[in-house]
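Participant: One structure follows; several queries about it will come next.
Nothing in this text is a laboratory measurement; each read-out follows from the coordinates by a stated rule. Note that this is a predicted model, so its numbers are computed, not measured. Here the Cβ positions follow ideal geometry from the backbone for every residue, glycine too, while neighbour counts run over all protein chains shown.
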């Protein structure tokens, strides 16, 4: 199966799969007293080129954001976690079976009708493993079947395994129209969907121009092409540098962009507002492969015990971090807890040394510990940035005091991704980020034999409570999901470092955020 990264929108964090927040938040923009702008132009800056625009072949944050202008999903989710109609007007759901009934009169951008069979074909394409869809295993369970009844406008999706949030996850998969499903490669830089916007101009790596359809009538909350405040044109530019995006916002050259770090502080000081998303600044993962030192639980525990997460987080966030709250991010925080950091082995360097002593890792020549002829040598990979380099140099120094031989290597996200996805990468500890709005989406990263479980974690408490939770519908399984999450942290399978605010700044409009900012919800004013 293709490696699927669950990363928060930060995507600032890992640049990986951005399943960002779930459920809308309001953006204040220019304020409710401003006049509504009709048929305006909205200028948007993304931090990276979206790449492939076929919705079933991408799960990266910037890709999903652009794709959301041209493709709709069956439902959306409000800020209380309640599903709302979109392409589907109604549904029935259990933990293994969902039947959606489509609204009448939905058309694709070329004017052809959206049929129930086309919707079913989307899910069949995703579950076909030869297509290596990153949506499989996160939104869509392996082995799921899809059946359609065009006359009744119904699509029935059935899973061989239970999923607490089966409805919410399947309902938020983007639906492509028939031509795209038949020839996905032709739509890697084009749209074939039912969305509110068409893609009218493309300069890969530079810009994308979107134009509002005139015949759209099926949006959430009664949104149509004629809804006041919806921009007529959206221009999307690719601007990789935070400082440049911040400057463009300050000069009014763009209306929205995600900005993090010192440049975000600069925007905050100027009173700019936006859509906030709190998430971890990073997480440490340990290679459990039998040949690696971190396969020993005592090594993992000692490394955690000797990591001052507050110092690390403050270095990376300029002193503005909070303790790591949860592996789950977004609003609503479905089954999330706000103090998972309390479950981690406490920072105590003396206790860390005792943990290693008791496990037989003895200090030898040069101050490096060893056991049964194996030196306690750690290769630590981290994602390149000035702040991270400083933080991990500090951490390496602390671990060396413990008797650990540490080799640091900074790399870009793509290089680290390759190491992790190979299953045989040369690493012991990695700076990465895994986060999602629903706990079921995290399971492939923390259990099972697939490459998505890049750390090769096998936590019996986690596995047990995942099974218990998965057999309960929706939030009924939250107590078990929370026990499962705490087990990963208490057993030193993952260490969260810091909790920071990632904001998509907005100017001249309001909107809501679900798994991305929802185009149908944009209302320009000024």
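Participant: Need one word for the stretch 30-105: rounded, prolate or oblate. Basis is the Cα gyration tensor (sqrt eigenvalues a ≥ b ≥ c); a/c below 1.5 gives rounded, then a/b vs b/c decides.
Facilitator: Because a/c hits 1.5 or more and a/b fails to exceed b/c, the stretch 30-105 counts as oblate.
Participant: Could you work out the helix-only [θ] at 222 nm for the chain, with each DSSP H run of four or more residues adding -39,500 (n - 2.57) and the total divided by the number of residues, to the nearest 500 deg cm²/dmol?
Facilitator: My calculation for the chain gives -7000 deg cm²/dmol from helical runs alone.
Participant: Under a crude label model (7 Å from the Cα following the beta-carbon direction), how far is residue 348 from residue 250 in nanometres?
Facilitator: With each label placed 7 Å out from Cα toward Cβ, I get 4.7 nm.
Participant: Rounded if a/c is under 1.5, else prolate if a/b beats b/c, else oblate: with a ≥ b ≥ c from the C-alpha gyration tensor eigenvalues square-rooted, which is the stretch 85-127?
Facilitator: Since a/c reaches 1.5 but b/c is at least a/b, the shape of the stretch 85-127 is classed as oblate.
Participant: Can you order the peptides 494-505, 351-362, 434-445 by their average number of other Cβ atoms within 10 Å per residue, highest first?
Facilitator: 434-445, 494-505, 351-362
Participant: What order, most packed first, do the peptides 198-204, 456-462 have when packing is the mean number of other Cβ atoms within 10 Å of each residue?
Facilitator: Going by the mean number of other Cβ atoms within 10 Å, highest first, we get 456-462, 198-204.
Participant: Follow-up question, since we're still on this one. Kindly work out what percent of the DSSP beta bridges joining two residues of the chain are antiparallel, to the nearest 5.
Facilitator: So the antiparallel bridges amount to about 75 percent of the total.
Participant: What percent do you get for the relative contact order of the stretch 357-426 when only Cα pairs under 8 Å and 6+ apart count?
Facilitator: 31
Participant: By count of other Cβ within 10 Å, fewest leading, how are 335, 108, 177, 478 ordered?
Facilitator: 478, 108, 335, 177
Participant: Can I ask one more? Going by a ≥ b ≥ c, the root eigenvalues of the Cα gyration tensor, does the stretch 376-526 fall in the rounded group (a/c under 1.5), the prolate group (a/b larger than b/c) or the oblate group?
Facilitator: Note, shape of the stretch 376-526 comes out oblate.
Participant: Listed highest first by mean packing, meaning other Cβ atoms within 10 Å per residue, what order do 78-85, 446-453 come in?
Facilitator: 446-453, 78-85
Participant: Counting pairs of alpha carbon atoms under 8 Å apart in space and at least six apart in sequence, what relative contact order in percent does the stretch 48-228 give?
Facilitator: 29
Participant: Find the relative contact order for the chain and round it to a whole percent, using C-alpha pairs within less than 8 Å whose residues are 6+ positions apart.
Facilitator: This gives 25 percent for the chain.
Participant: In degrees, nearest 10, range 0 to 90: what is the angle between the Cα axis of helix 116-127 and the longest Cα principal axis of the chain?
Facilitator: Tilt of helix 116-127: around 20 degrees.
Participant: Can you tell me the FRET efficiency between residue 183 and residue 35 if r is taken as the Cβ-Cβ distance and R0 is 60 Å, rounded to the nearest 0.05?
Facilitator: It comes out at approximately 0.85.
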